[in-house]
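K.L.:
My questions all concern the structure below.
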Amino acid sequence: MPQKCGNGLPAYQRIQAAIRKRIDAGQLRADDAEASERDLAKIHQVSLMTARHALASLEREGVVERRRGIGTFVATPKIHFNKLMSYTEQMASRSMTAAAKILVAKVIHDEQEVTARLSVPPHSGVIKLERLRQASDEPFALETCYLSDAEFPNLLSTPLGRDSLFKILERNYQVELGYADEEVDATAADPRTAEHLGIRRGDPLLRIRQLIYSAKGKAIMYVLGLYRSDRHKLLIRRFR
């Protein structure tokens, strides 16, 4: 039976809650050392096995990482792709504040692959929005979004650098977002991408091509994202 504390909460969860509270309060930051299993057991007056279980669970969740022969450290936050959320929402889910630097914001007429994906006539006007996605002044991803200019007039006049694009579509254009089809693969950073993301040329990236649909099944937006592999994790749940 798991050890319980006074309020009925299993002791390992109490340890986890204490560690999370220190991280959320900024008392522990990425790469800071956490107490050892033995020290945690003494602090919380639990068995060594209970302290070990608490850290193992936090490690599986990506909250801490254990380095063999060195100790346990607060892990660098990674963004989990397991729900259709805007990047702003993804960052918020990890207690991080998102920021965006707009690199390209214009209407183009020569993206036939994009018009095909969006199911609009060839050579139609398409909004191209390329943004460098950041958190805590650190570059995390390079995202390029494409939308039909005819369906979203004046979109480029909205505060795209401050507001979530999802929220703008929902609020200003009454779009109810439904689901997304995604193609995921790996690629290497070219010189321009490497410069923007603050990494080396050839470093691995997670590339996600995403076609986002409304709740009615209409293609709304095509997104090409290049994500730093050291800052993102793709979670997949499979059933049988």
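The values are calculated or read from the model by the stated rules, or taken from the named source; none is laboratory data. Since we're looking at a predicted model, the values are computed, not measured. Using ideal geometry, Cβ is built from the backbone for each residue, glycine included, and neighbour counts are taken over all protein chains shown. Heads up: the accessible areas ignore ligands, DNA and RNA and are worked out on the full protein's heavy atoms, side chains in. Shrake-Rupley method; radii C 1.70, N 1.55, O 1.52, S 1.80 Å.
K.L.:
Among residues belonging to the range 9-29 that are open to solvent by less than 40 Å² (accessible area, probe 1.4 Å) and not in a helix (DSSP H, G or I), point out the one that is farthest from Val63 (Cα to Cα).
P.N.:
Pro10
K.L.:
Can you give me the number of residues within the range 110-126 that are surrounded by fewer than 20 Cβ atoms within 10 Å (Cβ to Cβ), under 18 Å from Leu156 (Cβ atoms) and in contact with an Asp or Glu (Cβ under 9 Å, 6 or more places away or on another chain)?
P.N.:
Looking only at that region, the number is 3.
K.L.:
Okay, moving on. Could you say whether any residue in the range 216-231 is more than 20 Å from Gly62 (Cβ to Cβ), touching a strand residue (DSSP E or B) at 6+ places or on another chain (Cβ under 9 Å), open to solvent by 20 Å² or more (accessible area, probe 1.4 Å) and part of a strand (DSSP E or B)?
P.N.:
Checked against the condition, which is being more than 20 Å from Gly62 (Cβ to Cβ), touching a strand residue (DSSP E or B) at 6+ places or on another chain (Cβ under 9 Å), open to solvent by 20 Å² or more (accessible area, probe 1.4 Å) and part of a strand (DSSP E or B), the range 216-231 yields at least one hit.
K.L.:
Continuing with this model, one more query. Given the residues Ala92, Ala99, which is the only one that is in contact with a Gly (Cβ under 9 Å, 6 or more places away or on another chain), open to solvent by less than 70 Å² (accessible area, probe 1.4 Å) and either hydrophobic (A, V, I, L, M, F, W, C) or modelled with pLDDT of 65 or more (or both)? Reasoning before the result, please.
P.N.:
On the way: Ala92 fails: in contact with a Gly (Cβ under 9 Å, 6 or more places away or on another chain).
Only one candidate passes the filter, namely Ala99.
K.L.:
Another question, then. Among the hydrophobic types (A, V, I, L, M, F, W, C), more than 24 Å from Gly62 (Cβ to Cβ), in contact (Cβ under 8 Å) with a residue 12 or more places away in the chain and outside any loop (DSSP other than H, G, I, E, B): does that describe Ile208?
P.N.:
Numbers: among the hydrophobic types (A, V, I, L, M, F, W, C): yes; more than 24 Å from Gly62 (Cβ to Cβ): no; in contact (Cβ under 8 Å) with a residue 12 or more places away in the chain: yes; outside any loop (DSSP other than H, G, I, E, B): yes.
So Ile208 does not fit the description; no.
K.L.:
Now for a different question. Every residue in the range 161-198 that is part of a loop (DSSP other than H, G, I, E, B) and either modelled with pLDDT under 95 or within 17 Å of Ile220 (Cβ to Cβ) (or both), please. Give the derivation first.
P.N.:
Quick first cut of the range 161-198, residues part of a loop (DSSP other than H, G, I, E, B) only: 161-164, 173-176, 189-190, 198.
Matches in the range 161-198: Gly161, Arg162, Asp163, Ser164, Tyr173, Gln174, Val175, Glu176, Gly198.
K.L.:
For the range 155-162, indicate whether the set of residues that are exposed (fewer than 12 other Cβ atoms within 10 Å of the Cβ), of a type in the set (Gly, Ala, Ser) and within 21 Å of the chain's Cα centre (by Cα) is non-empty.
P.N.:
yes
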